[in-house]
Each structure stands twice: as C-alpha cells, then as structure tokens.
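The values are calculated or read from the model by the stated rules, or taken from the named source; none is laboratory data. As the structure is a computational prediction, the values presented were derived from the model and not from experiment. Don't worry about glycine lacking a Cβ; one is built from the backbone with ideal geometry, like all the others, and counts go over all protein chains shown. For accessibility, only protein heavy atoms count, side chains too; no ligands or nucleic acids. Shrake-Rupley method; radii C 1.70, N 1.55, O 1.52, S 1.80 Å.
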Amino acid sequence: MERFAGKVVLITGAASGIGRATAERLAAEGATLSLTDVAAEGLEETARTCRDAGSEVLAQVGDVSDEASVAEVVASTVEQFGRLDVLVNVAGILQFKDLRQTTLDDWNRIIGVNLTGTFLMCREALDHLLASGGNIVNTASTAALAGHPWTVSYSASKGGVFALTQTLAVEFGKQGIRCNSVAPGSVLTPIQQAFELPEGADPKLVYRIMALDKQRGPETVASTIAFLASDDASHVNGTCVKVDGGTLA
Ligand SMILES: NC(=O)c1ccc[n+]([C@@H]2O[C@H](COP(=O)([O-])OP(=O)(O)OC[C@H]3O[C@@H](n4cnc5c(N)ncnc54)[C@H](O)[C@@H]3O)[C@@H](O)[C@H]2O)c1
C-alpha cells in the first residue's frame, strides 16, 4: 500500500513510541518524512529505520513548546521538500500526581508540551496545509474522554487537544483541510514509565481504564493515524478515534 507516495508528512515526538511507530508505518506506505523530537538519539534511530525502508527523511531536534523551534522545524521542512501534506502531532508528556501535589510548574510544563505544542505546530503548518489541501492528526487520549484520576494537568491538556481539533476541523474544513485526533487508551510505550501512582491512590480507579484483555503496542495507534491521514479518510473530519480496545465503550 503506497497511500503516501509523493506526500510530505511532518511527525512530532518521532524518537519513541507512537511517533516512531507512525514514522515507520508511513515510511512503509511511501511517505517523505520530516521528523522532530527533543530526544536526538532516538530521533536519529527512527530516521535511520525509515531511510532503510526507502523514505527520504529530514530529522530535526526541536521542542514543540518553543515557538521559535516550531517555526524553524516547519520552515526547514518546506525548504527541503517544497511542500507539506500532513502534520501529525504526537509529542507528549505524562505525569501522575494528586491535585494537591501538582505545582504550577507541573501544570505549565504538561500543558506547554501537550496543548501549546499542538497549537503552535498547527498554527505554523496551517498555510502550507492550505496550499496542499492537507490534513492534521493530533494525539489526544482516553484521559480526555472520561474521568482519569491523578492526571489533572495531562487530562486537561488532552481535553484541550480534543477541543482544538474539533475547532480547526470546522474553522478550516471548507477550505479543504481536515483535522482529526486519535485517543489512545493504554499503549505499551516508554511514556508508561511515568506510571507511578501517588501514595494512597487506589489503582483500581486507574486500571478500570487501563486494560481490556491485554495492552497493545504503538503500531495499533500508528495504523489508525495512517488511516486518518490518508485519502481513505477524505470524508472524516473533526473526529476523535479511540484506540483503546473498547475499554471506555
Ligand atoms: N502510551 C500510552 O498509553 C498513551 C495513551 C494515550 C495518549 N498517549 C499520547 O501519545 C503520544 C505519544 O506518547 P508515547 O506513548 O509514544 O510516549 P513516548 O514517551 O514513547 O513518546 C513521546 C515522545 O515525545 C517526545 N517529546 C516530549 N516532549 C517533547 C517536546 N517538548 N518537543 C518535542 N518532542 C517531545 C519525547 O522525547 C518522546 O520521544 C503522547 O502525546 C501521549 O500523551 C499515549
């Protein structure tokens, strides 16, 4: 399947987990890739795998929460490849904390990467996507769709991503841009190392969301992102697709 032949796709958070799996999936489907992440080593590893699969790849270390860095990443992409067809916002951070222990710094850091980072990337990429008739896929979370304890900053950030996605879908849909999101449940990636519950927390409240039969790998989210980003989803706009095995059904 070569759904992305001739398409330029920019993926944030590409050094690890869902971002890496998405890069590999789209490389296998013929995409030209612009990959970015704060983690240089992992980023280079993803770039190498994708090049080995036959993709042309630009890999740039960048911070999605930094306005200047975002501008640089998008500008270099268009400079190198001449266009941008798809933006996939995957970069994100997670923290489990009781509300009372959540500092303003924790809140600002998580909102800054997950929500502000998505906003900055969308804003910077918009004109290029309008020019190509492209689309955006953002990464929300089931944490935004139902009560998810001890993640006040994270859940709020992902609720923001969910709302931002619907807003852009309506604001720019008539101009030919689609904007959708995925809401993974619990997926086996390094972000789960943050899964350390605060003292006294009832794990049952978290596990009711966590496991249906067994946890799956990031390729399950990557294949959903690939569908939403492809022309197969040409009539799908403003949707959030849960990838959680039906846990919250
Ligand atoms: N794994 C899950 O269970 C799960 C569930 C729901 C949602 N998600 C979301 O999926 C996305 C990917 O998570 P993952 O599970 O692959 O985790 P991960 O930790 O493997 O990957 C996240 C990537 O984002 C990068 N990143 C962090 N801050 C950044 C910044 N400021 N700028 C650029 N890159 C940055 C990290 O370096 C890392 O490579 C996140 O948005 C996460 O919230 C994950």
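Just one of the numbered conditions (1) touching a Lys or Arg at 6+ places or on another chain (Cβ under 9 Å); (2) at pLDDT 95 or above is not true of Val64: (1).
Among the residues making up segment 157-185, those that are crowded, with 22+ Cβ neighbours inside 10 Å, more than 18 Å from Asn108 (Cα to Cα) and not hydrophobic (A, V, I, L, M, F, W, C) are Thr165, Arg178, Asn180, Ser181, Pro184, Gly185.
In this structure, Leu10 does satisfy being at pLDDT 95 or above, under 17 Å from Gly134 (Cβ atoms) and within 16 Å of the ligand (Cβ to nearest atom). Listed conditions (1) at pLDDT below 95; (2) open to solvent by 10 Å² or more (accessible area, probe 1.4 Å) are all met by Tyr154, apart from (1).
In the set (1) among the aliphatic types (A, V, I, L, M); (2) closer than 24 Å to Ala15 by Cα; (3) modelled with pLDDT of 95 or more, the condition left unmet by Val243 is number (3). May I ask you to verify whether Val182 is in contact with a helix residue (DSSP H, G or I) (Cβ under 9 Å, 6 or more places away or on another chain) and under 18 Å from Leu228 (Cβ atoms)? Considered against the rule, which asks whether it is in contact with a helix residue (DSSP H, G or I) (Cβ under 9 Å, 6 or more places away or on another chain) and under 18 Å from Leu228 (Cβ atoms), Val182 comes out as yes. Examine segment 95-107 for a residue that is hydroxyl-bearing (Ser, Thr, Tyr) and in contact with a strand residue (DSSP E or B) (Cβ under 8 Å, 6 or more places away or on another chain), and state whether such a residue exists. No: segment 95-107 contains no residue that is hydroxyl-bearing (Ser, Thr, Tyr) and in contact with a strand residue (DSSP E or B) (Cβ under 8 Å, 6 or more places away or on another chain). Of all residues in segment 1-17, those satisfying the criterion of being in a loop (DSSP other than H, G, I, E, B) and within 16 Å of Ala53 (Cα to Cα) are Met1, Glu2, Arg3, Phe4, Ala5, Gly6, Lys7, Ala14.
Where helices (runs of 4 or more DSSP H) fall wholly inside segment 125-237, the ranges with 3 or more residues that are of a type in the set (Ser, Thr, Tyr) are 152-172, 219-229.
Taking the criterion of being in contact (Cβ under 8 Å) with a residue 12 or more places away in the chain and on the phi < 0 side of the Ramachandran plot, the residues of segment 52-65 that qualify are Ala53, Ser55, Glu56, Val57, Leu58, Ala59, Gln60, Val61, Gly62, Asp63, Val64, Ser65. Take the conditions (1) touching a Leu at 6+ places or on another chain (Cβ under 7 Å); (2) free of Cβ contacts under 8 Å to residues at least 40 places away in the same chain; Glu45 misses just one of them, which is (1).
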